[in-house]
Amino acid sequence: MVESHLPSVLLGLDAARGVLLVESCPQQAQHLRSELAQLGIPPIRLDWAADAETAWRLCREHAYQLLLCDDTLGAEQADGGQLLAALQREGWLATDCVVLMMTDDATLSRMRRLVALAPDGYLLKPVQTAIVCHRWPGWLARRQQLAPILTLLQCGLLSAAAGQVADVLAQSPEDAPGLALLQARIWMAQRQFDRAHNALLDLKGGPEGKRAQLALAELAMRRRYYALADSWLAALESDPLFCAMALTLGAENALRMHQFSRARQKLQQAISLAPGSVEPHWLLACVELADGTLLAAQQALQEGLRQDRPGLSWAGQLMPLLAAVQLDRLGQGEPAAVAALLQQFQQLCGLWQQQVGQVAYRPMALLLLGRRHCLLGAPQQGALCLTQYQRVCQRQQGQRPLLEQMELVKLLRLLGDPEAEVQLGQLNRQLADATDRVEHLAWRLYLARWCALPPLVRACDAQEPCDSVSLALASNEVSNEA
């Protein structure tokens, strides 16, 4: 622990842990470092990141106990909200890390995004250390209370986590609202729906009431009570802070009812109310795929990539689906559009390989390259890609990602391989079992539309481009190892 002469606000900090300050302006960063030093945080325990990519790397390497992050990190890079969303998504923050977001933009659109991320605290710039000193004990105590529960949840130990919450609630009833909401969500995960419903109803009129309403809507969707979910969300869709979250959830509900136009409208509203997030664009792409509008799906994915900055976590999910959609458009396109689509596909694959690395890139890329060969009238090259993919899978044991399995089905069908129907049946069962993920419903609809097309290999009036570094590399690897 730190020495006793330091301000009492710092007594909870672990001397072996560090503090990460994310601030793009060097002058402001130096000022904050001086302010933090007055609170007893020496430079040796304080790391500074001037951008989200550096902070992303540091959080992978260190288990910080305090993250102080500016929300606006410059127009050309990811902002603090995008960084926090990516860190939460990947689980790269310690469960007891206190997250404080600093902002000089208190507009509603900015605050809507921050409310959705639920950091431990918000600080208006210039930061007043007196506020930090006053509120730190509460922030730290709450985090230390949640840490063992969140650790159990990360390990999938739902029953143990529920028991831990019950013990804490028995000892600290004053913390009931936040912990009771977490407890209700654990019960939802355990499919104890009636128990979760009753707990959420009890919270509806309290300080966590709006988050409880969102959880009630999620619960209604899980139980396929779609009209009830809409009723829970109706009031929140006009709430100043929770409207974007409610609209996004309402779009998921509409998608589950196959109301694609309504889902699209809600997502467009959510994007306009809280711009900067990748997730609504991803969900909009899923809606467009389910509706069979491939060009709109491509545009939504491209916009999602523009919102996701280099080094953060969405590229590995957005890029392979975008590449698959481009090939779907190639298969349905007019001859005049083929050259442009091939160029887009070629550029995307090069960028994708740079973002995720060869190991993650290669299996899916081999399938995509094989389908591309088939669509251009070269099924023998497509079959070579399939053979090489199968060899890669033998070396990389484990369940293949669902998007990769979808691409495998498409390639097998184009090659006329009877194994396609076996793989399709297995994939549909996996998608049907994963009812909690709305994109899986969208992918089932999307795959059904694709499979309704004749599984024929056709030649396109286009020449194979020979200047693609990434695709030529993949072709050489296939030829050399086949």
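The values are calculated or read from the model by the stated rules, or taken from the named source; none is laboratory data. Being a predicted model, the structure only gives us computed values, none of them experimental. Don't worry about glycine lacking a Cβ; one is built from the backbone with ideal geometry, like all the others, and counts go over all protein chains shown.
Residue pairs whose Cβ atoms lie under 6 Å apart, sitting 6 or more positions apart in sequence or on different chains, and linking a residue in region 229-242 that is more than 16 Å from Ala274 (Cβ to Cβ) to a partner that is surrounded by 15 or more Cβ atoms within 10 Å (Cβ to Cβ), are Ala229/Ala217; Ala229/Ala220; Ala229/Met221; Ala229/Asn253; Trp232/Gln213; Trp232/Leu216; Trp232/Ala217.
Pick out the one residue from Ala29, Ala75, Ala37 that is surrounded by fewer than 21 Cβ atoms within 10 Å (Cβ to Cβ), assigned to a helix (DSSP H, G or I) and at pLDDT below 85.
Ala37
Test Arg391 against the stated conditions and say whether it is surrounded by 19 or more Cβ atoms within 10 Å (Cβ to Cβ), more than 25 Å from the chain's Cα centre (by Cα) and among the basic types (Lys, Arg). So Arg391 does not fit the description; no. In region 250-300, which residue that is closer than 17 Å to Ala234 by Cα and polar (S, T, N, Q) is surrounded by the most Cβ atoms within 10 Å (Cβ to Cβ)? Among those that are closer than 17 Å to Ala234 by Cα and polar (S, T, N, Q), it is Asn253.
A quick yes/no check of all residues on (1) assigned by TED's automatic domain parsing to the domain that holds Leu36; (2) surrounded by 12 or more Cβ atoms within 10 Å (Cβ to Cβ):
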| residue | (1), (2) |
| --- | --- |
| Ile131 | yes, yes |
| His134 | yes, no |
| Pro137 | yes, yes |
| Leu140 | yes, yes |
| Gln144 | yes, yes |
| Gly163 | no, yes |
| Gln171 | no, no |
| Leu179 | no, yes |
| Leu182 | no, yes |
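Can you tell me which of Leu87, Leu83 is under 21 Å from the mean Cα position of the chain (by Cα), touching a residue at least 60 places away in the same chain (Cβ under 8 Å) and in a helix (DSSP H, G or I)?
Residue meeting the stated conditions: Leu83.
For region 222-236, the set of residues classified as over 17 Å from Leu255 (Cα atoms) and either assigned to a helix (DSSP H, G or I) or in contact with a Ser or Thr (Cβ under 8 Å, 6 or more places away or on another chain) (or both) consists of Leu236 only.
In region 371-387, of all residues being of a type in the set (Gly, Ala, Ser) and outside any helix (DSSP H, G or I), the one that is farthest from Trp450 (Cα to Cα) corresponds to Ala378. Checking every residue in region 374-383 against the condition of being closer than 30 Å to Ala254 by Cα, among the polar types (S, T, N, Q) and modelled with pLDDT of 90 or more gives zero matches.
Could we say that Trp187 is closer than 24 Å to Glu439 by Cα, without any contact (Cβ under 8 Å) to a residue 24 or more places away in the chain and among the aromatic types (Phe, Trp, Tyr) here? The answer is no for Trp187. Given the condition free of Cβ contacts under 8 Å to residues at least 40 places away in the same chain, buried (at least 18 other Cβ atoms within 10 Å of the Cβ) and aromatic (Phe, Trp, Tyr), answer yes or no: does some residue in region 314-336 qualify? Checked region 314-336: no residue is free of Cβ contacts under 8 Å to residues at least 40 places away in the same chain, buried (at least 18 other Cβ atoms within 10 Å of the Cβ) and aromatic (Phe, Trp, Tyr).
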